[in-house]
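Okay, so here's the structure we're looking at.
The values are calculated or read from the model by the stated rules, or taken from the named source; none is laboratory data. Keep in mind the model is a prediction, meaning the values are calculated, not measured. FYI the Cβ positions are ideal-geometry reconstructions off the backbone, even for glycines, and counts take in every protein chain you see. Surface accessibility is based on the protein's heavy atoms, side chains included, excluding ligands, DNA and RNA. Shrake-Rupley method; radii C 1.70, N 1.55, O 1.52, S 1.80 Å.
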Amino acid sequence: MIKLGLRLDLYRAATLSVPVDLVRRAEELGFHSVWTAEAYGTDALSPLAYLAAVTERIKLATAVVQLAARPPATLAMHAMTIDALASGGRFICGIGVSGPQIVEGWYGQPWGSPNARLRDYVAILRKVIDRREPVSHDGREISLPYRGPGAVGQGKALRSILHPAGRIEVWMASGGPHNTRLCAEVADGWLPMGLGPAGIEPYRPVLEAGWAARTDGLKPDAFEIFTGCTVEITDDVRGRLDAMRPLTAMYVGGMGSETHNYHRDAMARRGFPDEAARIGELWRAGKREEAQAAVPHEYLEQGTLLGSPARIRQRWAEVGAPDGVTGLIVGAGQPEALELMAELVGSREAQWSRATT
């Protein structure tokens, strides 16, 4: 059975309002998780600490926390603290590298070698959470204790005072082959950028190479792959698709540079390379309305389930979830949309069954 997550788009709002009732409804319907993100506004972690106090079972997850936003030990402290507030075993730490504009422009850090930094980051994060010994790490990009420029030489390997309340899963977001391979090697789950109708098949060689590089050389039985989908019950499918154009064009055209834009690359991987390039050209030229008009409806339809309940049921029967995924992170503001998705994947019945046994 496909697992369901609820996506909260708090990170792109000018004010913060956590939809507690919607999250509780998702929990009642058997949703596996609720997901937050961050860009350069609301952080991803604080809302989950709040939700830990008003929910009981649903997992609290990030898609994603930005690697440059905090040192790995700090993220481990956040993760263990939130999981303790949630009674243990409920936190999923989804990590992503963001892009050069945010890393260098917002956090004031060099872009450098994100693949090497990500490997070091996850290794240190694991060591802090595991508490097997005081944390030291001699990495290509990150080392503990720090002995670089400005150090006084008094750094000491330390062990977390706080013990983990439960198992904390580490997931990674990626689209390119190097980080996807690394994800399969070191993470518990994958958040793919640009997963198209073909599902995970185009990525299988790099995923298998990553799994083979694990200590036991095997894919973990519980390795998760979650992709996203926007769901809305509406009588105006065309209008709702058109309403998605500005944000889509902004991400594909403006959230990056001519050489680095993961959202443009993700659009290309989903089968629209020429359109992605054109949107980027128009956006950089200041032709934003033309860039919005260049977003194809077919692309928007790939990541959405829109229309009447009957239309959504029909489209789900036709396309369902991409092959190989284990979960779907749903962006929906309507309780009835959550109820419909729970019905379509069977989580509602599974939740009822658990409640009566």
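Ranking of His297, His178 by solvent-accessible surface, largest first: His178, His297 (1.4 Å probe, protein heavy atoms only, all chains present). Stretched out straight at 0.36 nm per residue, the stretch from His260 to Ile2 would grow longer than its current Cα-Cα span by 89.6 nm. For the range 134-177, the spherically averaged projection of the C-alpha convex hull amounts to 5.5 nm². Taken over the range 35-186, the ratio of Cα radius of gyration to 2.2 N^0.38 Å equals 1.04.
Atom-type composition of the exposed protein surface of the chain places 52 percent of the accessible area on carbon and sulfur (1.4 angstrom probe). Over all orientations, the range 173-219 has a Cα convex hull whose mean projected area works out to 2.9 square nanometres. Rounded to the nearest whole Hz, the Karplus-based 3J(HN,Hα) values (6.51 cos²θ - 1.76 cosθ + 1.60, θ = phi - 60°) of the range 258-268 follow the sequence 5, 9, 10, 8, 5, 6, 5, 4, 5, 5, 5, with x at glycine and proline.
Based on the inverse mean of 1/r over its pairs of different Cα atoms, what is the Kirkwood hydrodynamic radius of the range 51-93, in Å? Kirkwood hydrodynamic radius for the range 51-93: 10.8 Å.
Applying a 10 Å radius around every beta-carbon, put 180-191, 106-117, 320-331 in order of their mean neighbour count, most first.
180-191, 320-331, 106-117
Amide H contacts under 5 Å for Thr230: Thr304, Leu305, Gly331, restricted to partners 5 or more places along the chain or on a different chain, H placed in the peptide plane at 1.01 Å from N.
The distance between label points at Asn115 and Thr215 comes to 2.4 nm (points 7 Å beyond Cα on the Cα→Cβ vector).
Using a probe of 1.4 Å on the protein chains alone, the accessible area found for Ile82 is around 10 Å². With Cα atoms as the point set, the radius of gyration and Dmax of the chain evaluate to 20.5, 67 Å. In summary, the lysines within cross-link reach of Lys156, defined as a Cα separation below 18 angstrom excluding same-chain residues under 8 places away, comprise Lys127.
With q set to 0.15 Å⁻¹, the log10 of I(q)/I(0) for the range 14-121, from the Debye formula over equal scatterers at the Cα positions, is -0.66. Cross-link reach is defined here as a Cα-Cα straight distance under 14 Å, omitting same-chain residues fewer than 8 places apart; for Lys219 the aspartates and glutamates meeting it are Glu185, Asp188, Glu208.
With the simple model of a label 7 Å out from the Cα in the direction of the Cβ, His163 to Arg288 spans 5.4 nm. With a cut-off of 13 Å on the backbone N, the residues of the range 170-201 near the modelled label site 7 Å out from Asp130 along Cα-Cβ are 186-187.
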